[in-house]
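Here's the structure we're looking at; comments come further down.
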Amino acid sequence: MKLRNCRYLSRDILTGLIQPGDTVVDATAGNGHDTLFLAQSVGPEGRVYAFDVQPDALRSTKERLGKEGCLDGRVSLILDGHENMERYVAGPVRCVLFNLGWLPSGDHGVTTRTPTTLLAVEAAMRLVAPGGMVSVCIYPGHEEGARERDALMDRLKDVDIRKYNVLSANFLNQKNAPPQLILIQREQ
């Protein structure tokens, strides 16, 4: 394992958690990198629900999945906000993965927003099975990203320790507001 950034750290941790046949959620499909990782991790018997509000993001995700042979019914691509995940996913799920911010090749004015991110993380915490995990990569280098980080940190610091363990990891020696990882594991 190499400490590169929060996205890779999240994947390293989730690789040890996700099993073939699991149900998982990509709350922010983006260009499909995380959706593909989840689809490969759960295998053909598993289930992935991938959300994005941008049709271009879901097209890119579908193309990436197709190139890797993962368009076999295991992935549902959902054009809706991640705050609505409970409308589509009954749970329980092994993990919910968030990669906040904007679509790297898209309009940087379209970004995740604090109010819907808070609702989505709370929904994810309800959906995740005991022993399961919610992974949130935050990009505080822009104004809304900093707001999301601050709001999440404020909200999660008071979560009942009997129900969830919450970990915040950031790279102290990286400059320019490096991404930060929050992991939430359900106890019961």
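So here's what we get for this one:
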{"read-out": "For E143: the one exception among (1) farther than 21 Å from T35 by Cβ; (2) touching a Gly at 6+ places or on another chain (Cβ under 9 Å)", "value": "(2)"}
{"read-out": "Test: D22 is more than 25 Å from A169 (Cα to Cα) and of a type outside the set (A, V, I, L, M, F, W, C)", "value": "yes"}
{"read-out": "Residue check, R147 touching an Asp or Glu at 6+ places or on another chain (Cβ under 6 Å), of a type in the set (D, E, K, R), modelled with pLDDT of 90 or more and surrounded by 15 or more Cβ atoms within 10 Å (Cβ to Cβ)", "value": "no"}
{"read-out": "So A146, is it farther than 18 Å from R7 by Cα, outside any loop (DSSP other than H, G, I, E, B), more than 15 Å from the chain's Cα centre (by Cα) and among the hydrophobic types (A, V, I, L, M, F, W, C)", "value": "no"}
{"read-out": "Evaluation of V128 against (1) in contact (Cβ under 8 Å) with a residue 60 or more places away in the chain; (2) under 20 Å from I13 (Cβ atoms); (3) among the β-branched types (V, I, T) (one fails), failing number", "value": "(1)"}
{"read-out": "Subset of segment 38-59 [farther than 18 Å from V89 by Cβ and in contact (Cβ under 8 Å) with a residue 40 or more places away in the chain]", "value": "Q54, D56, A57"}
{"read-out": "Within segment 6-24, considering residues that are surrounded by 14 or more Cβ atoms within 10 Å (Cβ to Cβ) and over 14 Å from the mean Cα position of the chain (by Cα), the one farthest from Q185 (Cα to Cα)", "value": "D22"}
{"read-out": "Residue list for segment 9-46, restricted to those being touching a Cys at 6+ places or on another chain (Cβ under 7 Å) and either part of a loop (DSSP other than H, G, I, E, B) or among the small types (G, A, S) (or both)", "value": "S10, L17, I18, A39"}
{"read-out": "Matching residues in segment 47-82 - criterion: being part of a helix (DSSP H, G or I) and touching a helix residue (DSSP H, G or I) at 6+ places or on another chain (Cβ under 8 Å)", "value": "T61, R64, L65, H82"}
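Residues checked against (1) touching a residue at least 40 places away in the same chain (Cβ under 8 Å); (2) in contact with a Phe, Trp or Tyr (Cβ under 6 Å, 6 or more places away or on another chain):
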site	(1), (2)
A123	yes, no
V136	yes, yes
G141	no, no
I161	no, no
N173	no, no
A177	no, no
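The values are calculated or read from the model by the stated rules, or taken from the named source; none is laboratory data. Source: prediction; values computed, not measured. Counting neighbours? That spans all protein chains shown, and the Cβs are built from the backbone with ideal geometry, glycine included.
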